[in-house]
Amino acid sequence: PYSAAQKQRNHHFDRFWWLHNIGLLLWPIIMYVHGANAWIGVGIPLVVFTTSGPLIAYVRDRFERWVRSVLFKLIPLKIRSAVVRPGKTGDHLHGALVHLAV
């Protein structure tokens, strides 16, 4: 497929990232509006039960990432060790894994 090509993934990554992050935030809202008449008998639409857990987990993760980014900008970091594992082609450019201990 077109989107599976390495060149296309690299070229359109920002578009992919924004689409998925905005879509993930809008998904519960769209589901709520779409299924607002599907009450489960307790006065709350079913979509609230199905989307609240993943949405809370996502918002918490994004908040924690934001807090860490703010803290790391204020506190100078020292890298204690770094491990680079080669990728599929054996070099450090394609699919390499880097682990930093700070």
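Sub-6 Å Cβ pairs linking a first residue in segment 49-60 that is in contact (Cβ under 8 Å) with a residue 24 or more places away in the chain to a second residue that is in a helix (DSSP H, G or I) and surrounded by 12 or more Cβ atoms within 10 Å (Cβ to Cβ), at least 6 apart or interchain, are T51/P28; T51/M31; L55/P28; Y58/L24, ordered by first then second residue.
Across segment 1-25, the qualifying residues are those that are modelled with pLDDT of 80 or more and open to solvent by less than 80 Å² (accessible area, probe 1.4 Å), and the one among them that is farthest from A57 (Cα to Cα) is G23. Within segment 67-82, being of a type outside the set (A, V, I, L, M, F, W, C) and under 24 Å from the mean Cα position of the chain (by Cα) holds for R68, S69, K73.
Table: residues versus (1) touching a helix residue (DSSP H, G or I) at 6+ places or on another chain (Cβ under 8 Å); (2) at pLDDT below 80; (3) exposed (fewer than 10 other Cβ atoms within 10 Å of the Cβ); (4) outside any helix (DSSP H, G or I).
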position: N37; (1), (2), (3), (4): no, yes, yes, yes
position: G43; (1), (2), (3), (4): no, yes, yes, yes
position: T50; (1), (2), (3), (4): yes, yes, no, no
position: G53; (1), (2), (3), (4): no, no, yes, no
position: Y58; (1), (2), (3), (4): yes, no, no, no
position: D61; (1), (2), (3), (4): no, no, no, no
position: E64; (1), (2), (3), (4): no, no, no, no
position: R68; (1), (2), (3), (4): no, no, no, no
position: F72; (1), (2), (3), (4): no, yes, no, no
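The values are calculated or read from the model by the stated rules, or taken from the named source; none is laboratory data. Quick caveat, the model's predicted, so the values are computed rather than measured. With ideal geometry, Cβ positions are generated from the backbone for all residues, glycine too; neighbour counts draw on all protein chains shown. Keep in mind that these areas ignore ligands, DNA and RNA; they rest on the heavy atoms of the full protein, side chains included. Shrake-Rupley method; radii C 1.70, N 1.55, O 1.52, S 1.80 Å.
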